[in-house]
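*Asks:* Below you'll find the structure I mean.
The values are calculated or read from the model by the stated rules, or taken from the named source; none is laboratory data. None of the values given here were measured: they were computed from a predicted structure. Note that we place each Cβ from the backbone using ideal geometry, even for glycine, and neighbour counts take in every protein chain shown. All accessible areas refer to the heavy atoms of the entire protein, side chains included, with ligands and DNA or RNA removed. Shrake-Rupley method; radii C 1.70, N 1.55, O 1.52, S 1.80 Å.
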Amino acid sequence: MIGVDSSAGMLDVCRARADETGVSDLLDLRLGDLRDPPVDERVPLVTCPFRSYLHLADDEERLAALRAARDLLVEGGRLVFDVFAPSTEDIEETNGRWLEREPGIWERADWDEQARTLTLGVRSAAGEATMTLSWLSMPEWRALLERAGFVVEACYGWFDRRPYAGGEDSIWLARRR
């Protein structure tokens, strides 16, 4: 399995976890960007988990990443990824407030509905980090996938494959055309 991340630190964490569980010999971890991954091999499946596409700021970056994923796939290969679009309730409940999401881990969501961005601050005893995520509507994701050369096979409402029936989270399954 090939894993690509733009953070050397995250790759180190992955290596350590793989060593702990005895699967490190199954991994080939590479430092790189999802818009231009350092992968020459062709594969039947590309996954982009943890809402990674939301870190891309605009459609140009999103299309570059989706096309890069498509180029890695064998004919008929599949791309799977998850994203979200926040509900009005989530924005109202979390905007500008520090909330303890897990013991000792605090998050602050600063939403900009006009720009459709979330600036997310995270802090713990180990340190602080801030990231900006950009969301799209379901029709916009579908259009980008089609422009990038995919056919959408399914869009689920969660990882258990429940049908998408509205809501914040979506898990996409798309096939290379």
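*Asks:* Name the single residue, out of those in the stretch 106-161 being touching a strand residue (DSSP E or B) at 6+ places or on another chain (Cβ under 7 Å) and hydroxyl-bearing (Ser, Thr, Tyr), that is nearest to Arg78 (Cα to Cα).
*Replies:* Taking the candidates together, the pick is Tyr156.
*Asks:* Search the stretch 73-88 for residues that are on the phi > 0 side of the Ramachandran plot and pair each with any residue that is of a type in the set (Lys, Arg) and not in a loop (DSSP other than H, G, I, E, B) when their beta-carbon atoms are under 9 Å apart and the residues are at least 6 apart or on different chains.
*Replies:* Gly76/Arg175; Gly76/Arg176
*Asks:* Can you spot a residue in the stretch 115-129 that is farther than 19 Å from Tyr53 by Cα, among the hydroxyl-bearing types (Ser, Thr, Tyr) and at pLDDT 95 or above?
*Replies:* yes
*Asks:* Let me ask something else. Assess whether Val80 counts as being open to solvent by 30 Å² or more (accessible area, probe 1.4 Å), touching a Pro at 6+ places or on another chain (Cβ under 9 Å) and modelled with pLDDT of 95 or more.
*Replies:* It is true that Val80 is open to solvent by 30 Å² or more (accessible area, probe 1.4 Å), touching a Pro at 6+ places or on another chain (Cβ under 9 Å) and modelled with pLDDT of 95 or more.
*Asks:* Also, I was wondering about something else. Check off (1) more than 30 Å from Arg175 (Cβ to Cβ); (2) β-branched (Val, Ile, Thr); (3) open to solvent by 60 Å² or more (accessible area, probe 1.4 Å) for Ile91 and give me the number that stays unchecked.
*Replies:* Of (1) more than 30 Å from Arg175 (Cβ to Cβ); (2) β-branched (Val, Ile, Thr); (3) open to solvent by 60 Å² or more (accessible area, probe 1.4 Å), only one is false for Ile91: (3).
*Asks:* Cβ-Cβ under 8 Å, sequence separation 6+ or interchain: first residue in the stretch 43-71 and touching a residue at least 60 places away in the same chain (Cβ under 8 Å), partner among the charged types (D, E, K, R) and buried (at least 19 other Cβ atoms within 10 Å of the Cβ). Which pairs?
*Replies:* Arg51/Asp82; Leu56/Arg62; Arg70/Arg176
*Asks:* Determine, yes or no, whether Asp12 is loosely packed, with under 12 Cβ neighbours inside 10 Å and either on the phi < 0 side of the Ramachandran plot or free of Cβ contacts under 8 Å to residues at least 60 places away in the same chain (or both).
*Replies:* Here the answer is no, as Asp12 does not meet what is asked.
*Asks:* Does the stretch 157-175 hold any residues that are open to solvent by 50 Å² or more (accessible area, probe 1.4 Å) and of a type outside the set (D, E, K, R), and which are they? Show your work before the answer.
*Replies:* Our first condition is that a residue be open to solvent by 50 Å² or more (accessible area, probe 1.4 Å); within the stretch 157-175, this holds for 158-165, 167-168, 175.
Listed by number, the residues that qualify are Trp158, Phe159, Pro163, Tyr164, Ala165, Gly167.
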